[in-house]
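Worksheet for the structure shown next.
The values are calculated or read from the model by the stated rules, or taken from the named source; none is laboratory data. Just so it is clear, the model here is predicted, and its values are computed rather than measured. Positions of Cβ are generated from backbone atoms using ideal geometry, with glycine treated the same way; all protein chains shown enter the neighbour counts. Surface areas here come from the heavy atoms of the whole protein model, side chains and all, with no ligands, DNA or RNA. Shrake-Rupley method; radii C 1.70, N 1.55, O 1.52, S 1.80 Å.
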Amino acid sequence: MEPFLRLQRKLWIFLPFLVCSWLGLAQDIEDASVRVRGTSIIAETDDNFICATLDWWPPDKCNYGNCPWGEASVLNLDLNHPLLANAMKAFGNLRIRIGGTLQDQVVYDVGGLEYPCLPFQKEDGGLFGFSKGCLKMERWDELNQLFGKTGAIVTFGLNALHGRHQVSKSVWGGPWNYTNAYDFIKYTRTKGYKVDSWEFGNELSGSGVGARVNAKQYAEDLINLKSLLTQLYKDSFPQPLLLAPGGFFDQPWYTQLLHDSGPKIVDALTHHIYNLGAGVDPNLVSRILDPAHSDSFAKTFVNLQLVIQNSGPWASAWVGEAGGAYNSGGKLISDTFVNSFWYLDQLGMASMYNTKVYCRQTLIGGYYSLLNTSTFIPNPDYYSALLWHQLMGKGVLATKVMGSQYLRAYAHCSREEAGITVLLINLSNTTTFSVSVENDMNLNLHFGGKFHKEGSIIHSLKKKFAWVGKLASNGSEQRYEYHLAPKDGYLRSQTMLLNGRPLELTDTGEIPSFEPILVNAFSKIMIAPLSIAFITLPNFEAAAACS
């Protein structure tokens, strides 16, 4: 049920002083304003911007003495678990990227495979410490049954090291042997399975991670893969997208890849983000809450956009994998409320730089999973992702925070309704921000069919009461607020509160509905220390941008 339809069931109308009381505000209250440019969008995401990954790691993938993957691999995940299907269906059409570190060592049990189809096993001297693994077609059939009943949009990462030889410790040479992938894609096509996009390789770009391939050879392989896809999908429209390289951004390498592959070969450049450090790093929480550290990664988005504009304007930008902390994430950090500060800020930042899709590592598996690996119960970031998906549309608006660096803000056209939704993130542990949202689309305000200039009474009211648009037809104006906080104020809580109430599965295992509070739009937005809020402003005048 859409969030605005649910308002018919239950709404709480809070006067400003009651909102302040409910939030449990600290003594420090600071005024701030968020200026939103309502005249035009600055970027646009895909309709299905939120994406989550399924990885190949087996149970004996361990880091720092912990083995957090359990039975969460593509090869052994319980695909019939009802909570898995419910969690996916809540998005309507959740993007799923199948890939990860071991994908380049996967072979497909189809066609003329010349050796037994075995799972990954520990192997001394093996790449990343594991042998090759094999995907049986019976398992691929089962995965596609899950995708079909949940409406998933699928990206599949292909084995880009297949057929190559190791030149030195980390350098791999020779052309990609595409015959096994050809047979696999042909099988997929024959069975009628829908794959939205095929991705070539995982973390082989630049200096690589464990293995690397030079950009010239990679480009030649992509040209061959594009030809293969064109042949196999010649009677299909639209044809699946081709994504590459699924690695860490290296500006010269990415530039050469686009130059050598040529126009309209690569449809989207995918890059990975792990900007918080190792999962065992004791400074993870401080990095998450440090606005300067968050801002430092913007240059990657900027430089990737420059590469696309200058060398491959036919391609778009995707975050193909992002887990915050690498090596399976941080225990009792990546799977708790505090991680949503990083995650939602990343979603906001990426969308500002015209990123079309953002794939979270992982849907399930490791500490950074959206679902608990053992119980399948959603972790806090799952609800953050779902709220974003339900509230934030694809049109991105320019925002500027006037006030503290600890208040972060992003604005999008609302997903289903008129107006906009603003994401507010308060990184301060002592200050409550009293926020006004200002529309800078023009200096003349439209009210009751008349224009009122600067200095007028109506203009003064706007400045004082966070005016966001003309009055609704009934003479009132309201907004919808979704405040997120950790249970008992404990940042590492695995229970997220929405407007003071725990987000928990229903008795039948369904994802709970998101009930907003309804607030008079003339009041300031009060956002408590170390909390997050989505604020939907139905009457914000951004018709030109959000039509």
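Structural remarks
- Only Lys, Arg (+1) and Asp, Glu (-1) charged, at Cβ; region 474-521 dipole about Cα centre in debye: 200
- Table column - 3J(HN,Hα) (Hz), region 512-529, Karplus curve with 6.51, -1.76, 1.60, x for Gly and Pro: x, 7, 9, 9, x, 9, 9, 10, 4, 5, 6, 7, 5, 8, 9, 10, 6, x
- Contact order relative to length of the chain, as percent, for alpha carbon pairs under 8 angstrom and 6 or more apart: 21
- Computed FRET value (nearest 0.05) for SER286 with GLU504, which takes r as the C-beta separation and R₀ as 30 Å: 0.55
- Dimensionless Rg over Rh [region 325-441; C-alpha; Kirkwood]: 0.99
- Among the listed pairs LYS216/LYS394; LYS186/LYS264; LYS122/LYS191, those with a Cα-Cα distance over 27 Å are LYS216/LYS394; LYS122/LYS191.
- Calculated on alpha-carbon atoms, Rg and Dmax of region 160-305 in Å: 17.6, 54
- Over 17 Å [Cα-Cα, region 52-119], rounded percent: 56
- Kyte-Doolittle mean at least 1.6 and Cα axial length at least 27 Å: DSSP H helices in the chain: none
- FRET efficiency for the ASN93 to GLN239 pair, using the beta carbon distance and R₀ = 22 Å, is estimated at 0.70.
- The chain: radius of gyration over Cα atoms, expressed as a fraction of 2.2 N^0.38 Å: 1.00
- Cα centroid separation, region 233-272 to region 291-346: 19 Å.
- Surface accessible to a 1.4 Å probe, per residue, for the residues of the chain, Å²: 40
- Using a Förster distance of 22 Å, the FRET efficiency for GLU123-SER207 (Cβ separation, nearest 0.05): 0.40
- Rounded percent of accessible protein surface that carbon and sulfur make up, the chain, 1.4 Å probe: 51
- Each label was represented as a point 7 Å from its Cα along the Cα-to-Cβ direction; for THR230 and GLN217 these points are 2.5 nm apart.
- Label positions at LYS487 and ASN429, each projected 7 Å from the Cα along the C-beta direction, are separated by 2.2 nm.
- At 0.890 mPa s and 25 °C, Stokes diffusion of region 49-186 via Kirkwood alpha-carbon radius, µm² per second: 151
- Put simply, when 127-137, 225-235 are sorted by average Cβ atoms within 10 angstrom per residue, most first, you get 127-137, 225-235.
- Mean Cβ count within 10 Å, highest first, over the residues of peptides 514-520, 339-345: 339-345, 514-520
- Take the Cα of MET402, step 7 Å toward its Cβ, do the same at ASN76, and the gap between the two points is 5.8 nm.
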